[in-house]
Amino acid sequence: MEGKHIISAVVENRSGVLAHIAGLFASRGFNIDSLAVGETEMPDYSRITVVVRGDDTILEQVRKQLGKLISVIRVTELSGTDHVERDLMLIKVSAPAGKRSEILEVTEVFRGNVVDISPKHIMIEISGPEQKVEAFIELMRPYGIREMVRTGRVAMMRGGENASKRRQKPQEE
Amino acid sequence: MERTGAKILFEVLRQEGVEVLFGYPGGSVIPIFDALHDEPDIRFVLTRHEQGAGHAADGYARASGRPGVCIATSGPGATNLTTALATANFDSVPMVAITGQVKTHLIGNDAFQEADTTGITRPITKHNILVKDVDELAHCLKAAFHIATTGRPGPVLVDIPVDVTTSTSDKPVDADVRLPGYRPHTEGNMRQIKLAAEAVNQAQRPVIYAGGGIIIAEASDLLRQLAEKANIPVTTTLLGLGCFPETSPLSLRMLGMHGTAYANYAVMESDLLIAIGARFDDRITGDIAKFAPDARIIHVDIDPSSISKNIKVHIPVVGDARKVLEKLLPLVKFAERRDWFARIDAWKKKNPLTYGPEGLRPQYVIEQIDALSPDDTVICTEVGQNQMWAAQFYRFTQPRTFLSSGGLGTMGYGFPAAIGAQIACPGRTVVDVAGDGSIQMNIQEMATAVQNELPVNVCILNNGYLGMVRQWQELFYNRRYAGTPLPGNPDFVKLAEAYGAVGLRVTDRTDVADALKEAFGSPKTCVIDFVVEPEENVFPMVPAGEAINRMIGGMS
């Protein structure tokens with residue numbers, strides 16, 4: 001089934017690992033929508049969250065090829081699980097005096113934060129699931145989006161299970 | 001005890017039982033070479049190009065089963081190794097490559113002879129490590145050997161800045177290797193193996209498709225027992241040649257683009273394909289959509305990412321070939337399958353491998369090499385027509401006797417690999433089957449062979465062309481031979497003699513046997529220039545994108 005899949009990988013916190021993973025995706029021709037990387041609760045390990053586009057065959061290859069890398073400790077596919085996703089965006093919108101209050105109202109509905117204000121622009125911080133962020137972008141478009149930056153999705157499984165401990169088994173077991 | 005990084009390197013090499021080191025010195029590795037001077041138990045083989053060192057370490061590893069070790073300096077030394085690393089990576093060869101690097105504080109500063117070695121080699125090595133702290137050097141090296149030799153083997157590169165080799169550490173070499181991200185699955189799931197056994201016992205038209213993984217796992221004897229116990233014909237890939245004796249009546253020999261017609265027909269008509277230690281490469285499958293249309297597929301492989309990568313697999317078994325075959329063998333039963341073998345015999349009679357009658361045919365040279373050399377001869381090849389004729393016309397009966405760059409297809413591989421193989425197998429006959437194009441790619445290694453008194457026999461199938469490409473141009477591009485004629489070839493006999501080797505030329509079919517006998521009996525490095533039919537083709541051939549039962553040439 002073609003679609004977007006979220007993969008979370010726990011990797012060694014060493015220079016070159018991110019380059020290795022990016023290189024792997026490039027050389028195998030996998031389509032990445034976003035890639036977020038940061039520290040975890042374990043100082044020696046980072047977590048990389050990748051959103052990959054493709055069908056089940058591609059997804060299986062992505063999981064297996066990532067798992068093959070020595071610096072990758074665990075690979076978990078989150079798409080099929082009960083999980084929480086967030087994407088954080090900073091967006092700078094044209095906001096001349098007459099339009100400002102509308103923009104601020106929409107921002108409040110979306111529970112966003114105004115983080116910067118200048119004579120002609122407002123910078124807003126929005127975080128949430130992808131649909132929420134996309135919806136806000138569409139609402140801001142008519143005003144004029146000056147600049148936009150997104151972190152890409154990060155995700156975590158609900159409940160007590162720890163994704164970093166959850167082992168991905170080889171295909172046939 | 002405080003000792004330098006260079007000394008620690010040799011401590012680890014000794015612990016790992018390394019006996020031979022191939023390489024070429026340079027500024028960033030002088031401290032290592034200085035430490036080498038005090039190491040009487042490690043034989044250093046100086047090649048004449050780092051690529052030669054890499055391929056020699058590769059040949060050593062394939063012939064012996066032990067990891068090959070090579071060393072090069074930073075910058076151009078390391079970049080010269082890349083082809084050899086990619087070659088080893090593609091064919092799963094255990095190798096540890098040590099490269100020098102500029103001083104740690106100069107990295108990233110465009111220093112003299114600096115290259116981003118780990119960046120450049122990342123996609124072509126199983127793993128690589130830049131060691132920035134001498135206290136970590138021992139663990140990095142131990143880890144490198146562990147990774148290179150376990151699971152699906154491969155080349156591992158350790159990049160060592162020159163100041164790390166001169167700094168000192170008193171940390172002992174810890175025998176334990178801690179790699180939380182690396183746990184190869186070798187056992188094989190018993191439930192899957194039972195399913196596989198059931199499928200085998202019910203199959204009417206089974207075929208075993210065996211690859212290099214059998215040889216890596218040292219499972220040739222078990223494969224033979226399986227084939228004989230269950231009465232199943234066996235075909236091998238290029239890298240699997242030698243894992244099953246080609247003299248056995250069960251052997252279908254090699255399959256694929258230039259495989260035998262009967263192997264290809266058998267696979268296409270099979271109802272069960274048992275793939276062990278092979279990866280369904282495009283040279284084997286031809287048009288994937290049409291490959292083995294009626295067959296259920298069992299795939300035994302130690303690398304889970306190879307399973308169901310190209311083709312849907314019905315019964316996957318992740319594991320080491322040896323361990324899986326040990327568990328499978330007691331569960332399979334003999335079945336006569338008389339009709340299946342009758343069909344196979346008919347195919348064998350109707351379409352054996354053939355070639356034209358007169359003249360000095362390269363296929364004839366290979367057959368004579370087969371006839372006149374001992375069974376445990378190591379045949380190395382270059383790439384192209386020479387490689388395919390060697391695969392087709394030499395009958396392999398033992399593992400680790402066929403060394404060839406299968407995945408990457410590297411011209412210039414065979415000669416340095418033969419050097420490595422001869423060092424691994426002193427006393428055995430080693431042959432490099434070459435073309436006039438390929439042999440010139442690492443010809444400088446003649447000095448290495450002669451200096452080390454290696455009686456390697458280089459058999460050049462000299463047709464004055466880049467043969468395989470010329471063949472494609474003849475068959476598919478209207479004989480437009482662009483870039484394929486090779487004028488200006490040296491006189492190979494004089495060239496051999498210039499290096500201090502023996503040079504022989506054969507222009508007549510009747511002189512082939514004598515030249516080979518002379519070379520095989522000589523303790524010196526020998527080069528035989530066989531001036532063969534210039535436009536001979538490798539047949540049968542599966543054209544690119546065709547199903548493998550649609551072969552051209554050499555068919556009746």
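General observations
- Residue that is charged (D, E, K, R) and under 30 Å from B:Asp301 (Cβ atoms), where the choices are A:Asp116, A:Asp87, A:Asp56, A:Asp82: A:Asp56
- Single match in B:Ile215, B:Ile208, B:Ile160 (criterion: assigned by TED's automatic domain parsing to the domain that holds B:Leu81 and either in contact (Cβ under 8 Å) with a residue 40 or more places away in the chain or part of a loop (DSSP other than H, G, I, E, B) (or both)): B:Ile160
- Among residues of segment B:362-421, those that are closer than 21 Å to B:Ser251 by Cβ and hydroxyl-bearing (Ser, Thr, Tyr), counted: 7
- Candidates B:Thr381, B:Thr429: the one that is among the hydroxyl-bearing types (Ser, Thr, Tyr) and surrounded by fewer than 23 Cβ atoms within 10 Å (Cβ to Cβ) is B:Thr429.
- Residue check, B:Arg322 closer than 28 Å to B:Gly213 by Cβ, at pLDDT 95 or above and either over 21 Å from the mean Cα position of the chain (by Cα) or in the same structural domain as B:Val433 (by TED's automatic domain parsing) (or both): no
- Within this structure, B:Lys290 fails the test of being buried (at least 18 other Cβ atoms within 10 Å of the Cβ), among the basic types (Lys, Arg), in contact (Cβ under 8 Å) with a residue 12 or more places away in the chain and away from chain A (no Cβ under 14 Å).
- Hits in segment B:287-301 - residues which are at positive phi and assigned to a strand (DSSP E or B): none
- For segment B:164-174, the condition holds for no residue, the condition being that it is part of a strand (DSSP E or B), among the hydrophobic types (A, V, I, L, M, F, W, C) and in contact (Cβ under 8 Å) with a residue 40 or more places away in the chain.
- Verdict on B:Gly52 being touching a Leu at 6+ places or on another chain (Cβ under 6 Å), surrounded by 16 or more Cβ atoms within 10 Å (Cβ to Cβ) and either outside the structural domain of B:Glu19 (by TED's automatic domain parsing) or not hydroxyl-bearing (Ser, Thr, Tyr) (or both): no
- Options B:Thr186, B:Thr118, B:Thr99, B:Thr165; residue that is surrounded by 19 or more Cβ atoms within 10 Å (Cβ to Cβ), within 12 Å of chain A (Cβ to nearest Cβ) and not hydrophobic (A, V, I, L, M, F, W, C): B:Thr118
- For segment B:434-490, the candidate set comprises residues that are surrounded by 18 or more Cβ atoms within 10 Å (Cβ to Cβ) and of a type in the set (Asp, Glu); within that set, the residue that is nearest to the chain's Cα centre (by Cα) is B:Glu445.
- For segment B:141-190, the candidate set comprises residues that are touching a helix residue (DSSP H, G or I) at 6+ places or on another chain (Cβ under 7 Å) and of a type in the set (Asp, Glu); within that set, the residue that is farthest from B:Ser64 (Cα to Cα) is B:Asp163.
- Residues being closer than 30 Å to A:Gly3 by Cα and not assigned by TED's automatic domain parsing to the domain that holds A:Thr49 are represented in segment A:112-124 by at least one member.
- Qualifying residue in segment B:268-283 (condition: within 14 Å of another protein chain (Cβ to nearest Cβ), in a loop (DSSP other than H, G, I, E, B) and without any contact (Cβ under 8 Å) to a residue 60 or more places away in the chain): yes
Per-residue answers, yes or no, for (1) assigned to a strand (DSSP E or B); (2) touching a residue at least 24 places away in the same chain (Cβ under 8 Å); (3) out of contact with any Gly (no Cβ under 6 Å at 6 or more places or on another chain):
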site: B:Ile443; (1), (2), (3): no, yes, yes
site: B:Ala447; (1), (2), (3): no, yes, yes
site: B:Arg479; (1), (2), (3): no, no, yes
site: B:Pro487; (1), (2), (3): no, no, yes
site: B:Glu533; (1), (2), (3): no, yes, no
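- Among the residues of segment B:512-532, the ones that are more than 23 Å from B:Gln440 (Cα to Cα) and either among the β-branched types (Val, Ile, Thr) or buried (at least 18 other Cβ atoms within 10 Å of the Cβ) (or both) come to 0 in all.
The values are calculated or read from the model by the stated rules, or taken from the named source; none is laboratory data. None of the values given here were measured: they were computed from a predicted structure. Here Cβ is always computed from backbone atoms with ideal geometry, including for glycine, and neighbour counts include all displayed protein chains.
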